Amino acid sequence: MKITINNKRFYIIFFLCLALGFYFLMSTLIPELTQSRFDPIGRVAPFSFINQDGKIITEKEVEGKVFVTEFFFTTCESICPRMNKNMYAVYDKFKTEKDFIILSHTCDPETDSVSVLKKYADSLGVSSEKWIFLTGRKDSLYNMARKSYKIDDPNSNVKNSEDDFLHSQFFALVDKKGRVVKIYDGIKKSEVEEMMQKIKELLK
């Protein structure tokens, strides 16, 4: 049987399509096969903080959800307003997604009480179910930032906690398994847009 050039092209295209179809089928049935085998940047550790409604929020709140987290303080006049302007765009885009939330931790729990965070959240007009503002013990908040979310150097802790202060412009994106997928610059619109594309992927 003589194989023509056209036949060869057909078989090449056929087997290429077959291989691609098999790959996508396997990636759907067994997604771990196509995921990165590198360790995640960080993992969500157990935590217990208080939200703007005075409710205790723990790691159970984020189980099975994609979420973005940040650390800011309400009296910040430099990077925080720009960060939360960009974070609002994220909130607005995904506020109807049942498996997505935002966690915003205060860096200044002495100032940012429950009532202060409530007033701040209300000024943004956001849902406390979708955008959660958290306060708590300073050392616990900072440990989450540095050891779980990796948005600040874990070695930044100082001996006197009163002198310690965290001021980071970074957002951490966490997947449904509690793994920190990537860190994004919260004041750069291009990176926030890139993060939103990644959120779409993680929600699928």
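The values are calculated or read from the model by the stated rules, or taken from the named source; none is laboratory data. Just so it is clear, the model here is predicted, and its values are computed rather than measured. Ideal geometry is used to build each Cβ from the backbone, glycine not excepted, and the neighbour counts take in all protein chains shown.
Structure above, values below:
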read-out: Per-region count, the range 189-200, residues more than 12 Å from Phe100 (Cα to Cα) and without any contact (Cβ under 8 Å) to a residue 24 or more places away in the chain; value: 5
read-out: Elements of type helices (runs of 4 or more DSSP H) contained in the range 50-156, each with 1 or more residues being under 15 Å from the mean Cα position of the chain (by Cα); value: 79-94
read-out: Pair list, Cβ < 9 Å and 6+ apart or interchain, from the range 80-92 residues that are within 10 Å of Ile187 (Cβ to Cβ) to residues that are of a type in the set (Lys, Arg) and at pLDDT 95 or above; value: Asn86/Lys188; Asn86/Lys189
read-out: Selected residue (only one of Asp112, Asp152, Asp108 is charged (D, E, K, R), surrounded by 20 or more Cβ atoms within 10 Å (Cβ to Cβ) and either within 16 Å of Phe49 (Cβ to Cβ) or in contact with a Ser or Thr (Cβ under 7 Å, 6 or more places away or on another chain) (or both)); value: Asp112
